[in-house]
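Note sheet for the following structure.
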Amino acid sequence: MKKILSIIAGLLILIIASVYFMLLGSFPVMHGSLKVDGLNGLTKIYRDHEGVVHIEADSRHDMNYALGFSMASDRSFQYELISRAGQGRLAEILGPDLVAVDKLFRTLNSKYIRDGILASLDPVVRKDLESFMAGYNYYLENNVRPIEFFLLGIKPKKIDIEDIYGVFVYLNYSFSPFMRNEVAYQNIMANVKHRDFKYLFANNEVDFSKRVRRVVDASFIDYESLLKGIGTFTGSNAWAISGKKTKSGKPILASDPHINFSAPNIWYEANIKNKEEGFHMYGHFLPLIPFPAMGHNRKLGWGLTISYTDDVDLYQLEDDFEIVRVEDSLIKVKGEESIDFQIKWSKKGPVVNEIVQAVNKDAKNIAAHFSFFQEGNKPIEGFYGLGRAKNFEEIKKATSIVKSPGLNIVYADADGNVARLIMGDSYKRSHPFESDLVQTPDRKILGVYTFDEKPHEINPENGFVVSANDAPKTMKNGIYHRGGWHSDNRYNTILKSLELRDNWDMDSQKMVQTASFSTNNRRMQKIINNALKKYPMTALEEEALKFFMDWKGHSRKEQVGPTIFHETNMRIRKLLMDEMGEDYVKYCKAINSWIYYYRLLEMPDNSWWDIEKTAPIEDRDQVISMAFKEAVNYLKQELGDDVSKWRWGLIHQLTMPHPFGKNEFLAKIFNQGPYEANGSINSINHIRRVSCEAGHTPVTGPSTRRLIDFANVDISYGILPLGNSGHMLSPYYDNQRERFMNDEYRTQIFSFDLMKKSGPKVLTLRPL
């Protein structure tokens, strides 16, 4: 027996040692000197004490080459997966579970559309991409691949321009929830009786009179679960403060885009400059895109949020619809036979029966019109233009040429301008009030609103521009800008916080950006307390209510109040939506379900409060009482009889999953966490759950936090959930995690002189 145990122990040591040396072998080169092919002149890649890359080059080509080189050294496996996802090529390395994802992205990444966009790509933009790809591919070809490639038994793929385009396709899907939402709405209306459906939608005006009644028994695949560990966008906060409201007299820009947590995190930070043009930009870069999605320099800066403009329309076609073209593709599947996949195109767009899982003939022939497919869409040029803009007018121009994805660009500059600009098309529809539903094929898109007709916000009198995925407050009469927005909860909380003073600085802004608070919490606290007074309670319920009412509305991990509040809240919503049956889980994930919930809280006798399966007719307060009792009983079972120990951090724990995290053994190696987390759903610090069936486990939240005061751009502030490297042995893999979890910041160094004084690691690239 001892001999067997010794053999097992020896094997484990051998495995661990092998894994370690495989990791060590692929460790990115960070200092010294390398001769590389494709470079024109000496170029330096610095890594500061936080692991942020600073690139100093003589030429534009060399700057982009070095950016590709450094991204490949830090993130090649993560970027491989995201580019494959956007092209519908995951099943060939991950197996049959990903076939559904591949079918989705083969549809979105239509060859017909792709070829048109890439053929018309601006030559200057193409040249920058080619420089970037040259550096990226040189690194892949001349260095040891990361361990994840060994475990999958594959080699890294050299990237081409279609891989970069695939990332834009992936982002476009991530930014737009409308296809999945419209199917859910349709099913709810087919199955729920005697309820007023107008409360379900973010738009105030919805026409149900012509809704398609054939769409039943269809459901949207849970792609987010299948893509766990890769990262999808889910929301965001961003705001800009005019100089008249800051201590320095210059604008302050704040942004924290919300993305599903992953290991590594999604953003790559790089400070890049070249002497040839005098170009200099501190950027937050998305995978394989050498143009910053968020950036700043001495003149200007911008952040982004998802606009949630309704840019997808679904139509149910007649059985004899005209097929205008067919796209055939072969989906390779690891360990199985390849699958022939055919996309039929109607005049309205591709038929998406398999994507929406139509399970009977009455739910078929659903066509989708995506704004990403609009002729003249220039997403690559748009991101390029943002990164190259010299002033506000050039920012507006870059924003205006993108038809999709739909984003809010929140902007500030040293000249004093602050703004929120809407990127992406807003449709003119023949029947705009039907856009939330699956429509009949006679409904038409008549065109799009011009850039100037969109509800931008530029230099408002109050000095504050705030965007939190809410409906724009500047919509004009007669323009039907439709969307599926979040409630105004975060927007109102941020705006009311900013209005408290007119001398904002970096330290006070840190407190706002990390505030685990929502103004709605206090309002709901009163509603719940008044409801509970009507009904008898046990001693434990009385004690729990006392802790709840002593709570000040902040969801911090050491507090008891948020535990009781959020558990009660979740159960109220479930009872409220009981009529929806299985569709409850789908609708509950829709961001505008909170608008529905907050509306009905103000209507205590609305029929939605009645629990369908019980004989009595319940009202709001009865449902609240039932939910509170359920919550207390559940928390007693999970956390014990002592209410004072029901800390929020015990049930609000964050894990940052690696793509290998679905495997129980590999999850223990590659996943990061769980960690107790501040924040909550609908608070400014939006670390939150998404699903309604997995407790309070957060899966999404700030993917970075940024604060820039244009009075001192040399030093700004930021933080990443883990770190800037994707290599597990790198000192920069998770060096920021503890500070992120504690709501702390680090410096973002723009000045190369200051950065060099900090003692960075220096890698010098020399041409062969």
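In table form, for the structure just shown:
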read-out: Test: residue in segment 467-477 that is buried (at least 18 other Cβ atoms within 10 Å of the Cβ), in contact with a His (Cβ under 6 Å, 6 or more places away or on another chain) and among the charged types (D, E, K, R); value: yes
read-out: Yes/no for A85 being touching a helix residue (DSSP H, G or I) at 6+ places or on another chain (Cβ under 9 Å), closer than 29 Å to S730 by Cα and in contact (Cβ under 8 Å) with a residue 12 or more places away in the chain; value: yes
read-out: Some residue of segment 220-232 being acidic (D, E) and modelled with pLDDT under 95; value: yes
read-out: Qualifying strands (runs of 3 or more DSSP E) (wholly inside segment 246-305; at least 3 residues being touching a residue at least 40 places away in the same chain (Cβ under 8 Å), hydrophobic (A, V, I, L, M, F, W, C) and open to solvent by less than 10 Å² (accessible area, probe 1.4 Å)); value: 252-260
read-out: Number of positions in segment 374-415 that are part of a helix (DSSP H, G or I), aliphatic (A, V, I, L, M) and either open to solvent by 20 Å² or more (accessible area, probe 1.4 Å) or closer than 15 Å to R114 by Cβ (or both); value: 1
read-out: Unique match (being of a type in the set (F, W, Y), open to solvent by less than 10 Å² (accessible area, probe 1.4 Å) and over 25 Å from D470 (Cα atoms)) among F565, F628; value: F628
read-out: Residues of segment 74-93 that turn out to be more than 23 Å from the chain's Cα centre (by Cα) and open to solvent by 10 Å² or more (accessible area, probe 1.4 Å), as a count; value: 1
read-out: Only listed residue being of a type in the set (G, A, S), more than 18 Å from T474 (Cα to Cα) and at pLDDT below 95, chosen from G385, G447; value: G447
read-out: Selection from segment 334-373 of residues that are out of contact with any Lys or Arg (no Cβ under 7 Å at 6 or more places or on another chain), at pLDDT 90 or above and open to solvent by 20 Å² or more (accessible area, probe 1.4 Å); value: K334, G335, E336, E337, I339, D340, Q342, K344, K347, K348
read-out: Selection count where residues are of a type in the set (A, V, I, L, M) and either open to solvent by 60 Å² or more (accessible area, probe 1.4 Å) or in contact with a strand residue (DSSP E or B) (Cβ under 6 Å, 6 or more places away or on another chain) (or both), scope segment 117-165; value: 4
read-out: In segment 587-625, residue most open to solvent (accessible area, probe 1.4 Å) [restricted to those that are within 33 Å of the chain's Cα centre (by Cα), more than 22 Å from T563 (Cβ to Cβ) and aliphatic (A, V, I, L, M)]; value: M603
read-out: Number of positions in segment 516-573 that are more than 26 Å from Y587 (Cβ to Cβ) and either assigned to a helix (DSSP H, G or I) or among the acidic types (D, E) (or both); value: 19
read-out: Any chance Y584 is out of contact with any Pro (no Cβ under 8 Å at 6 or more places or on another chain), assigned to a helix (DSSP H, G or I), under 20 Å from F201 (Cβ atoms) and open to solvent by 10 Å² or more (accessible area, probe 1.4 Å); value: yes
read-out: When residues of segment 665-681 are limited to those that are surrounded by fewer than 24 Cβ atoms within 10 Å (Cβ to Cβ) and in contact with a strand residue (DSSP E or B) (Cβ under 8 Å, 6 or more places away or on another chain), the one nearest to P562 (Cα to Cα); value: I681
read-out: Answer from I113, I117 - the residue that is touching a Phe, Trp or Tyr at 6+ places or on another chain (Cβ under 6 Å), farther than 29 Å from G723 by Cα, modelled with pLDDT under 95 and in a helix (DSSP H, G or I); value: I113
read-out: Exclusive hit being buried (at least 23 other Cβ atoms within 10 Å of the Cβ), at negative phi and touching a Lys or Arg at 6+ places or on another chain (Cβ under 7 Å), set D102, D58; value: D102
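The values are calculated or read from the model by the stated rules, or taken from the named source; none is laboratory data. Only a predicted model underlies this, so the values are computations on that prediction, with no experimental measurement involved. Please note: Cβ atoms are built from the backbone with ideal geometry, for glycine as well, and neighbour counts cover all protein chains shown. These area figures cover heavy atoms from the full protein model, side chains too; ligands, DNA and RNA do not enter into them. Shrake-Rupley method; radii C 1.70, N 1.55, O 1.52, S 1.80 Å.
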